[in-house]
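Participant: Can you read through this structure? Questions will come right after.
The values are calculated or read from the model by the stated rules, or taken from the named source; none is laboratory data. This is a predicted model, so every value here is computed, not measured. Cβ sites come from the backbone with ideal geometry, for glycine too, and all protein chains shown count toward neighbours. SASA here: full protein model, heavy atoms, side chains in, ligands and nucleic acids out. Shrake-Rupley method; radii C 1.70, N 1.55, O 1.52, S 1.80 Å.
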Amino acid sequence: MSQGFAHSQQALRALAQTVLDHAAAMGATACEVDVSEGFGQSVSVRRQEVETIEYNRDKGLGVTAYVGQRRGHASSSDFSPAAVRASVEAALSIARFTAEDDCAGLPEAGLLAKKTMDLDLYHPWDIAVEAAIDIARRCEQAAFDVSPMIRNSEGATVSAQTSHFVSANSLGFMGGFATSRHYVSCSVIAGAGEDMQRDDWYVSQRDARKFPDAATVGDYAARRALSRLGARKLKTRKCPVIFEAPLATGLIGSFVHAISGGALYRKTSFLVDSLGRQLFPDFVQISERPHIRGGFASSPFDDDGVATHDREVVKDGVLQGYFLSTYSARKLGLQTTGNAGGAHNLLVQPGRHDLKGLLREMGTGLLVTELLGQGVNYVTGDYSRGAAGYWVEKGEIAYPVEEITIAGNLREMLRGIAAIGNDIEVRGSKQVGSILVERMTIAGS
């Protein structure tokens, strides 16, 4: 694996300052710049044979220049002095020809991050390709070892990725840090003939020392695939639905999208003007915690350089705040929430039950473990997705199901959350357990 970054943090900072200085010299009234570099290695094994070995090394520079309230942006992957100057000049040229936008511009200086903080986000994994291949093989073999019914594999992958960046603007803000993110995944196929099912699993960590044994990933992927054999179709009905924890993060993600600045100021969200309104049952609490050490979405500042802060997004079911960047906040006549670039570690308060407990609480209904398609209309809140999972009777899984569609309306689904599990999965910026929704329409045969 590569020995490290080609450019130091000091070099990135110097490059960012060069951009700001040149923009000022060329007549920009304001400027912001992002400089980044990343590298990594991914190894995939299928049926114990090495299928791919990929190395990546990327770098980029993005410049946003302002002439009054006219904005222009340009980017480059070339860090040479001539290319940097050309990028700045291109951004300025674009700005001079764009229309004025009274919401364009840098954040208020008082909102910018001033403190540095170590959030423990950088743990490079200097793993030799041979060692990565061995881990991937052990992961996949563990899946085959579960049962002779595991007949095929879509492969096991081991990936190690690191990056660092610097963001700066002409108000004096400059910040940046290094991050790492590594993962081990496995996808296998069970069964034969017309009864074949696939499933997968992955684990991701900033620090590879925190990985479970790779064999447990393959083992779990295999058991998930096996449990889906003999899947049936359901007749159309209405019933409770449990979203398994990895899918529950997507449900919360739909909520986040609907209360994010772009959707709100364009009025393409079913949750326009929802601040202070009861959107969930009163037991639902959702917090944003940007400074969790090692968190996948931790950061001391957002993409605008605005300092991030702990906050309550939903308290007792009531919406306390949106997700706003500097620009979207101005469009709405509000103040930025420090969410340019997205949410920072959303924590949904868990309930008292694990998944088995949620199944017992539901009694009879559907446990969804896979969703297909992108059937969410954010203007109306209408929700319709292809699904697969398990039919549950008397609190126990009765049999697997497939080729169904679950449908509802997100506003009603959020209000209809009956319980949240404590089987928390961390997927990107969200940490949430399985979610039980009181009633949805199941379209089947």
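Participant: What does a probe at MET149 reach in segment 158-193, counting residues whose amide N is under 19 Å from the point 7 Å along Cα→Cβ?
Facilitator: 187-193
Participant: Which trypsin sites (Lys or Arg not before Pro) in segment 31-61 pass both tests, a DSSP loop state and at most 14 other beta-carbon atoms within 10 Å?
Facilitator: Taking segment 31-61 and a limit of 14 other Cβ atoms within 10 Å, the loop trypsin sites (Lys or Arg not before Pro) found are ARG47.
Participant: Residue separation times 0.36 nm, minus the C-alpha to C-alpha distance between ASP58 and GLN320: what's the value?
Facilitator: The span from ASP58 to GLN320 would gain 90.4 nm if fully extended.
Participant: Which whole-number percent gives the relative contact order of segment 226-366, counting Cα pairs below 8 Å spaced six or more residues apart?
Facilitator: 27 percent
Participant: In whole Å, what three semi-axes, largest first, describe the equivalent ellipsoid of segment 191-251 built from its Cα gyration tensor (square root of 5 times each eigenvalue)?
Facilitator: Values for segment 191-251, descending: 28, 19, 7 Å.
Participant: Taking the simple approach of a point 7 Å from Cα along Cα-to-Cβ for both VAL379 and LYS233, what is their distance in nm?
Facilitator: Calculated label separation equals 3.2 nm.
Participant: For segment 31-113, which whole-number percentage of the solvent-accessible area (1.4 Å probe, protein heavy atoms only) is attributable to carbon and sulfur atoms? All intermediate terms of the calculation are to be shown ahead of the outcome.
Facilitator: Working: 1920 of 4010 Å².
C and S fraction of accessible area: 48 percent.
Participant: Where in the chain are the DSSP H helices whose alpha-carbon span along the long axis reaches 18 Å or more and whose Kyte-Doolittle mean is at least 0.5? Please report the intermediate quantities before stating the final value.
Facilitator: Working: long enough: 9-25 (24 Å, 0.24); 81-97 (25 Å, 0.86); 129-146 (26 Å, 0.29); 214-226 (19 Å, 0.16); 245-258 (20 Å, 1.24).
Membrane-span-like by this criterion, though nothing is claimed about a membrane: 81-97, 245-258.
Participant: Over the chain, what is the mean sequence separation of C-alpha contacts under 8 Å (at least six apart), divided by residue count, expressed as relative contact order in percent?
Facilitator: 14 percent.
Participant: What fraction of the Cα pairs in segment 333-445, stated in percent, has a spacing above 22 angstrom?
Facilitator: Details: 2644 of 6328 pairs.
In whole percent, the long-distance tail amounts to 42.
Participant: By how many nm would the segment from LEU334 to ALA109 grow when fully extended, if each residue of separation counts as 0.36 nm and the alpha-carbon distance is taken off? Display every interim value, and only then the final one.
Facilitator: Details: separation 225, 0.36 × 225 = 81.00 nm, distance 1.61 nm.
Gain on extension, LEU334 to ALA109, equals 79.4 nm.
Participant: Please give the direction-averaged projected area of the C-alpha convex hull for segment 1-111, in square nanometres with one decimal.
Facilitator: Averaging across all directions leaves 10.2 nm² for the Cα convex hull.
Participant: In whole angstrom, how far apart do the alpha carbon centroids of segment 304-361 and segment 1-59 sit?
Facilitator: The distance from the Cα centre of segment 304-361 to that of segment 1-59 comes to 29 Å.
Participant: Test of the criteria: in segment 143-250, which GluC sites (Glu not before Pro) are in a DSSP loop and have at most 10 other Cβ atoms within 10 angstrom of their Cβ?
Facilitator: Details: sites: GLU154, GLU194, GLU244; in loops: GLU194, GLU244.
The qualifying sites are GLU194.
Participant: For segment 149-235, what's the relative contact order in percent, using C-alpha pairs closer than 8 Å and at least 6 residues apart?
Facilitator: About 28 percent, as a whole number.
Participant: Pull up all non-local amide H partners of ALA297: gap of 5 or more, or a different chain, and H-to-H distance under 5 Å with H placed in the peptide plane.
Facilitator: Residues meeting the amide H criterion: ASN345.
Participant: For segment 59-179, compute the orientation-averaged projected area of the C-alpha convex hull (one quarter of its surface), in nm².
Facilitator: 13.2 nm²
Participant: Sticking with this one: For segment 238-326, what is one quarter of the convex hull surface built on the Cα atoms, given in nm²?
Facilitator: 7.3 nm²
Participant: DSSP loop (so not H, G, I, E, B), at most 14 other Cβ within 10 Å: list which trypsin sites (Lys or Arg not before Pro) in segment 253-353 pass both filters.
Facilitator: Passing both the DSSP loop test and the Cβ count: ARG266, LYS267, ARG277, ARG293, ARG352.
Participant: What distance in nm separates the simple spin-label points at THR441 and ALA11, each placed 7 Å from Cα in the Cβ direction?
Facilitator: 5.9 nm
Participant: Separate question: Over the chain, with a Gaussian network built from C-alpha contacts below 10 Å, which listed residue (ILE94, ILE259, ILE424) shows the highest mean-square fluctuation?
Facilitator: So, out of ILE94, ILE259, ILE424, the one fluctuating most is ILE94.
Participant: Ok, one more. Take ALA407 and HIS73, extend 7 Å from each Cα along the Cα→Cβ direction, and tell me the distance between the two endpoints in nm.
Facilitator: Each label point lies 7 Å from its Cα, and together they span 3.7 nm.
Participant: Please report Rg (one decimal) and Dmax (integer) in Å for the Cα set of the chain.
Facilitator: 24.2, 73
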